[in-house]
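A quick write-up on the structure given underneath.
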Amino acid sequence: MNSITKDPLGEKTIDFAVRIINLSKFLISEKKEFIISKQIVRSGTNPGAMVREAKNAESGLDFVHKLGIAQKETGETQYWLEILMRTDYISRTEYESLFDDSTQIMKMLRSSILTKKNNMGKRIIPILVGICGSAYYYLS
């Protein structure tokens, strides 16, 4: 990470991805579980990739779209964590720790999406007013 720029969401999603990969290793080596471990690695590492992609988004809408995908993947990861806990592949303590991290990520994603949408709305209103005003002028 760049020591000048702080990126709490980027760091949180990377740390979470590492935890999920370690969980998958545990599931495969200790519990001999091969199906859900692959699913949770896919969904649990995707939010970090989407956050990274959002940094290079082509537009505000692209940024929101990528973070929206990260949000969906985080939700899916929460589903797999619950399944793993209910089937005794992980303990309630392990589940709660990972679920708490995923909930924090979900909140950060929602906040980033809402902030971006709000900022996009503030920029487009003057443009729309200008367009509508011009149309009114030419149509009258």
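What follows draws every value from the coordinates through simple rules; no lab data is involved. The model shown is predicted, which means the values in this text are computed figures rather than measured ones. Cβ placement follows ideal geometry from the backbone for every residue including glycine, while neighbour counts extend to all protein chains displayed.
Where the only charges are on Cβ atoms (+1 Lys, Arg; -1 Asp, Glu), what is the dipole of region 28-77 about its Cα centre, to the nearest 20 debye?
Taking the Cα centre of region 28-77 as origin, the dipole is about 160 debye.
Would you please name the GluC sites (Glu not before Pro) within region 1-89 that are DSSP coil residues with at most 11 other C-beta atoms within 10 Å of their C-beta? Mind showing how you got there, number by number?
Values: sites: Glu11, Glu30, Glu33, Glu53, Glu58, Glu73, Glu76, Glu82; in loops: Glu30, Glu33, Glu58.
The qualifying sites are Glu30, Glu58.
May I ask which residue of Pro47, Ser29, Ile83 lies farthest towards the positive end of the charge dipole of region 8-139, with charges of +1 (Lys, Arg) and -1 (Asp, Glu) on Cβ and the Cα centre as origin?
Pro47
Starting from 0.36 nm per residue, how many nanometres of slack lie between Ser111 and Glu82 once their C-alpha separation is accounted for?
Length difference between fully extended and current span is 8.0 nm.
Give me the distance between the Cα centres of region 83-113 and region 4-46, rounded to whole Å.
Centre-to-centre (Cα) distance: 11 Å.
What are the ³J(HN,Hα) couplings of region 116-122, residue after residue, when phi is run through the Karplus curve with 6.51, -1.76, 1.60 and θ = phi - 60°? Round to Hz, x for glycine and proline.
These are the phi-based 3J(HN,Hα) values: 5, 4, 4, 5, 5, x, 5 Hz.
Suppose every K and R has +1 on its Cβ and every D and E has -1 on its Cβ; what is the size of the dipole of region 8-139 about the Cα centre, in Debye to the nearest 20?
360 debye
Under 13 Å from the Cβ of Ile69, count the other residues' Cβ atoms, weight Lys and Arg +1, Asp and Glu -1, and hand me the total.
Local charge sum for Ile69: 0.
Sum up the charges of everything whose Cβ sits under 11 Å from the Cβ of Ser43, counting Lys and Arg as +1 and Asp and Glu as -1, but leave Ser43 out.
Result for the neighbourhood of Ser43: +1.
Greater than 25 Å separation of Cα atoms is the criterion. Which listed pairs, Lys12/Lys32; Lys25/Lys107; Lys12/Lys122; Lys12/Lys55; Lys38/Lys117; Lys31/Lys72, meet it?
Too far apart for the 25 Å limit: Lys12/Lys32; Lys25/Lys107; Lys12/Lys122; Lys38/Lys117; Lys31/Lys72.
Read phi for every residue in region 74-85 and hand back ³J(HN,Hα) as whole Hz from Karplus 6.51 cos²θ - 1.76 cosθ + 1.60, θ = phi - 60°, with x for Gly and Pro.
5, x, 5, 4, 4, 4, 5, 4, 5, 4, 4, 5
What FRET efficiency comes out for the pair Asp7/Lys38, r = Cβ-Cβ distance, R0 = 30 Å, nearest 0.05? All intermediate terms of the calculation are to be shown ahead of the outcome.
Working: r = 28 Å, r/R0 = 0.94.
So the FRET efficiency works out to roughly 0.60.
Through the Karplus equation 6.51 cos²θ - 1.76 cosθ + 1.60, θ set to phi - 60°, convert the phi angles of region 49-61 into ³J(HN,Hα) values in whole Hz; use x for Gly and Pro.
Using θ = phi - 60°, the values come out as 5, 5, 4, 5, 5, 4, 4, 10, 4, 7, 7, x, 5 Hz.
Starting from region 16-65, pick out the chymotrypsin sites (Phe, Trp or Tyr not before Pro) whose DSSP state is loop and whose Cβ has at most 14 other Cβ atoms within 10 Å.
Phe34
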